[in-house]
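The values are calculated or read from the model by the stated rules, or taken from the named source; none is laboratory data. What you see is a predicted model, and the numbers here were worked out from it, not measured in a lab. Cβ coordinates were reconstructed from backbone atoms using ideal geometry, including for glycine residues, and neighbour counts include every protein chain displayed. Accessible surface is based on the protein model in full, side chains and every heavy atom, while ligands, DNA and RNA are left aside. Shrake-Rupley method; radii C 1.70, N 1.55, O 1.52, S 1.80 Å.
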Amino acid sequence: MTGEGHPGRPKRLRPEHVCDQLNRLERIFKWAVQPEDWQSMNRPMTKLRDPGEEAQRREEYSKLLRNLHYSDLMGHCEPTINESLPANNYPDLILLWQYSEGILLPHRGDSGNELVVSVPEESVTARRSEFARRLALYIVAAEKQTSVEYLTKLCRKWDPAASPKQTDMG
């Protein structure tokens, strides 16, 4: 291995940076967000894809994240819609992740589609650790413009104890 660390891998995807960022975000969502805030944040929407309710949610998420006072979140907490690439607006990414996970779907009734699967509120709270990991993966993948699967594989193989500098020293 060369002194550059990972030849052939773009600098933005080096595991020593990406996996550390992923771990920090996961810990923030898992431990810094209070259980009642987590449950409120992941409640079903009254009306899906409603621009007004989505804007309200992004505002709530923005306030929640700003109040956590973590440097990893600073500059990423604007309640506006993500229009930049790579995506870096956490409230909007949280909303998109919640839609992809089925968290915002109503638990009964008005969807009319029996194939739509929602996540019960109790399950979101009980599986908080798992969901915090999946949310962190979603955010980092969006920021790095790669897939969740690639990041999972990259960080599974990465061993923080064997840094490139230590390996090069012999």
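Observations, loosely collected:
- The residue pairs whose first member lies in segment 137-157 and is farther than 19 Å from Asp72 by Cα and among the aromatic types (Phe, Trp, Tyr), whose second member is assigned to a helix (DSSP H, G or I) and open to solvent by less than 80 Å² (accessible area, probe 1.4 Å), and whose beta carbons are closer than 7 Å, counting only pairs six or more residues apart or on different chains, do not exist in this structure.
- Whenever a residue of segment 122-134 is part of a helix (DSSP H, G or I), its partners that are open to solvent by less than 30 Å² (accessible area, probe 1.4 Å) and of a type in the set (Phe, Trp, Tyr), lying with C-beta atoms within less than 7 angstrom and at least six residues away or across chains, give the pairs Val124/Phe131; Thr125/Trp38; Arg128/Trp38; Ala132/Phe29.
- Restricting attention to segment 29-52, the residues that are without any contact (Cβ under 8 Å) to a residue 12 or more places away in the chain and surrounded by 14 or more Cβ atoms within 10 Å (Cβ to Cβ) total 0.
- Failed criterion for Cys19 (all others in (1) within 15 Å of Val140 (Cβ to Cβ); (2) free of Cβ contacts under 8 Å to residues at least 12 places away in the same chain; (3) not charged (D, E, K, R) hold): (2)
- Within segment 64-75, restricting attention to residues that are in contact (Cβ under 8 Å) with a residue 12 or more places away in the chain and farther than 23 Å from Gly102 by Cβ, the residue that is surrounded by the fewest Cβ atoms within 10 Å (Cβ to Cβ) is Gly75.
- Within segment 147-169, the set of residues being out of contact with any helix residue (DSSP H, G or I) (no Cβ under 8 Å at 6 or more places or on another chain) and modelled with pLDDT of 95 or more comprises just one member, Glu149.
- Condition check for Ile81: among the β-branched types (Val, Ile, Thr) and in a helix (DSSP H, G or I): no
Conditions (1) more than 18 Å from Arg133 (Cβ to Cβ); (2) within 14 Å of the chain's Cα centre (by Cα), marked per residue:
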site	(1), (2)
Asn42	no, yes
Asp50	yes, no
Tyr70	no, no
Ala87	yes, yes
Tyr90	no, yes
Leu104	yes, no
